[in-house]
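Only the coordinates and a few stated rules stand behind these numbers; no lab work does. These figures come from a predicted structure and were not determined experimentally.
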Amino acid sequence: MTQISAEQRIAPTGDHQVDGPVTLMNRFSVRPERDEAFQALWTETSKYFMAQPGFVSLRLHRAISTDAEYRWVNVANWQSEADFRAAHGTDEFRRVVTRPEWAEFPSAPLLFEVVTAAG
């Protein structure tokens with residue numbers, strides 16, 4: 001397994017800085033037989049994020065189809081992009097997301113802003 005760097009675990013910067021709330025959507029490639037190991041590692045790692053300033057909420061979603069390429073999606077809401085970036089710029093962040101166990105679960109993080117809301 002190839003080690004994944006902390007930078008590969010951070011949503012890339014956009015064309016402009018968002019002043020309001022942002023949402024991280026991070027997809028993970030997980031083999032069905034590794035679901036339990038992934039969920040345990042994600043749960044442990046998420047404790048770091050929940051303790052950070054500006055963290056609002058998170059949800060972990062699993063695809064109902066076992067043949068989906070990215071079967072797990074983390075959705076995390078932050079008060080601001082600055083809060084998100086600060087939480088992803090610490091030595092502790094680097095430590096938790098570069099643990100060897102994470103190498104088996106590649107991800108594709110992106111940061112989003114709300115443009116339309118209903119309900």
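Can you give me the angle between helix 35-50 and the longest principal axis of the chain, using Cα atoms only, in degrees from 0 to 90, rounded to the nearest 10?
30
Per-residue HN-Hα couplings for segment 64-81, Karplus 6.51 cos²θ - 1.76 cosθ + 1.60 at θ = phi - 60°, whole Hz, x for Gly and Pro?
Each residue of segment 64-81 in turn: 7, 9, 6, 9, 5, 5, 10, 8, 10, 9, 9, 10, 10, 9, 10, 5, 7, 5 Hz.
Return the Rg/Rh ratio of the chain with Cα-based radii and a Kirkwood Rh.
That ratio equals 0.96.
So what are the ³J(HN,Hα) numbers for segment 94-102, from phi and the Karplus equation (6.51, -1.76, 1.60; θ = phi - 60°), rounded to whole Hz, Gly and Pro as x?
Rounded to whole hertz, the list is 4, 5, 6, 8, 10, 4, x, 4, 5.
Relative contact order (percent) for segment 20-112, with alpha-carbon contacts under 8 angstrom and 6 or more residues of separation? Write out the running numbers ahead of the final one.
Working: 134 pairs, mean separation 44.4, N = 93.
Over segment 20-112, the number comes to 48 percent.
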